[in-house]
1. Compute the distance in nm between two label points, each set 7 Å from the Cα along the Cα-to-Cβ direction, one at residue 200 and one at residue 73.
2. Give me the lysines in straight-line cross-link reach of residue 128: C-alpha distance below 29 Å, same-chain residues under 8 apart excluded.
3. Can you tell me the length gained on complete extension of the stretch residue 98 to residue 238, counting 0.36 nm per residue apart and subtracting the Cα distance?
4. Quick one: go through segment 78-119 and flag any residue whose amide nitrogen is under 19 Å from the point 7 Å out along the Cα-to-Cβ line of residue 166.
5. Give me the distance between the Cα centres of segment 160-236 and segment 10-71, rounded to whole Å.
6. Nearest 10 degrees, 0 to 90: what angle lies between the long axis of helix 36-45 and the longest principal axis of the chain (Cα atoms)?
7. If you restrict to DSSP beta bridges whose two residues both lie in segment 4-235, what percentage is antiparallel, to the nearest 5?
8. Taking segment 153-251 on its own, what percent of its Cα-Cα pair distances exceed 18 Å?
Amino acid sequence: MSKTVFITGATSGFGRECALLFAQNGHKVIATGRRLDKLESLKNELKDCQVHTVAFDVSDKNAVFSAIAELPSDYKNIDILINSAGLALGLGHANDALIEDWDIMVDTNIKGLLYVTKAVLPVMVTRKSGYIFNLGSTAGNWPYEGGNVYGATKAFVQQFSRNLRTDLVGTNIRVSNIEPGAAKTEFSDVRFKGDTEKAAKVYEGIEPLVAEDIANLIYTLSMLPEHVNVNTLEVMPTCQTWGGLKVAKES
Ligand code: NDP
Ligand code: 8X3
């Protein structure tokens, strides 16, 4: 049966691949992001599919609620929400990191995800049906140097996903927190603020996850029977594992 799928961060990476996969499989897609040109080219790529695009910034509360309130009537009954919009900025230690970067990560990864979820929830609760995918990260589980606020925002996403599920008991709405490890998207270009050489080095000599891997997982979960809820799915490239605990030695 055809679903209506609302996707944030559909201009790039996981969100874009989810938009392609759901639309090409006959589902209605509402693709969102800030970059209008990217939304336009996605729409062109999917010209034979049912795609509605809306540009807004997830950290702008009024813009989020207006965009969702003003959806065309045939796109209003959202079945699946994919909260993919998010970013890391910088990799400096907490004492060197820019407070402005911290503000943007908190505003986007935490507050943006909350606004979109809050705006979409009523239609799901009324219809007693829905599936929310949140993009957490391995960074929400495992600290690493320079991950400070980014990792903390993703730990928030994990705990919010669990609490959301708890509140939604009896509504039939599913929530999954998807926690990818290293994946080659625009993520590192954004983290290193356009320094594409530095970004490319992150993936040099490894076979990272790609956006299709995550989109395929989300699509597969969305097709599971309604009585099955995967709470958390942590997924790493095979070449990535845990690094153990560090000890500072006296020299
Ligand atoms: P990309 O940088 O490729 O995509 C990020 C998307 O988020 C873009 O579409 C961007 O669109 C959108 N976005 C960013 N800020 C805003 C904003 N303020 N308002 C609206 N949209 C915004 O990264 P990924 O696809 O890799 O990342 C998707 C999610 O997955 C993020 O939450 C990220 O933290 C998480 N993640 C990524 C991993 C990785 O290694 N790649 C691993 C684990 C989790 P636009 O610029 O057009 O607004
Ligand atoms: C992105 C994965 O390891 O770069 O969430 O933080 S990592």
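Nothing in this text is a laboratory measurement; each read-out follows from the coordinates by a stated rule. Predicted model only: the values in this text are computed from it and were never measured. Cβ: placed from backbone, ideal geometry, glycine included. Neighbour counts: every protein chain shown.
1. 5.2
2. Excluding near neighbours in sequence, the set is 3, 28, 61, 76, 111, 118, 154.
3. Result: 47.1 nm gained on full extension.
4. The answer is 114, 118.
5. 18
6. 60
7. Antiparallel bridges: around 0 percent, rounded to the nearest 5.
8. Roughly 63 percent, rounded to a whole number.
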